[in-house]
Amino acid sequence: MVRAQVLDTVGERTYRWCARSASPNGTVFGTFAMRLAWNPVAAVLALVFAYSLVNTFLVESIFDWPGLGSYAAASVSTLDTPAIVGVTLFVAVILRGRQPGRDLVQAALDPRIRLR
């Protein structure tokens, strides 16, 4: 993914103009192309975090490990409504909270994205 993004960035007109300027090519590549390449990586890492949180519930229920996943499975089987709502709210807050964090990381990495 990083390679494809770097190849896209290197093909842009702005990068070619910077590469022809007086600065060394390695400096332009490191500060321009690599910073833009980490933008989709940050998005994928946010998705991987969500998948790992969901898979934690599955692993805990299969191997009977104590944790939030086994607590949620036990709550569903006993119809404990406040516990089900609490676990659902916790997971929703975690998953929705990662999006502003991802946006801030992308704004710090990509000079084209700035908070207005």
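Some notes on this structure:
- Value of [θ]222 nm, deg cm²/dmol, for the chain, DSSP H segments ≥ 4, -39500 (n - 2.57) each, nearest 500: -25500 deg cm²/dmol
- Axial C-alpha extent at least 15 Å, average Kyte-Doolittle at least 0.5 - helices from the chain (DSSP): 34-63, 81-109
- Applying 1/(1 + (r/R0)^6) with R0 = 30 Å to the Cβ-Cβ distance of Arg112 and Ala92 gives a FRET efficiency near 0.45.
- FRET efficiency for Thr14 and Asp103, using Cβ-Cβ distance with R0 set to 25 Å, rounded to 0.05: 0.65
- Length-normalised contact order of the chain in % [C-alpha pairs under 8 Å, at least 6 apart]: 24 percent
- Cut-off 15 Å between beta-carbons: net charge of the residues surrounding Leu47, Lys and Arg +1, Asp and Glu -1: +2
- Checking [x] -0.98, -1.13, -1.23; [y] -0.80, -0.91, -1.09; [z] -0.75, -0.95, -1.30 against log10 I(q)/I(0) by the Debye sum over Cα atoms at q = 0.16, 0.18, 0.21 Å⁻¹ calculated from these atoms, the matching label is [y].
- Residue order for Thr56, Thr81 - accessible surface, 1.4 angstrom probe, largest first: Thr81, Thr56
- Per-atom-type breakdown for the chain gives carbon and sulfur 68% of the accessible area (1.4 Å probe, protein chains only).
- As a calculated quantity, the FRET efficiency between Asp80 and Ser52 at R0 = 22 Å, using C-beta atoms, amounts to about 0.30.
The values are calculated or read from the model by the stated rules, or taken from the named source; none is laboratory data. In this text the structure is predicted, and so the values were computed from the model without any measurement. Cβ atoms come from the backbone with ideal geometry, glycine included; neighbour counts cover every protein chain shown. These accessible areas exclude ligands, DNA and RNA; they are computed on the full protein's heavy atoms, side chains included. Shrake-Rupley method; radii C 1.70, N 1.55, O 1.52, S 1.80 Å.
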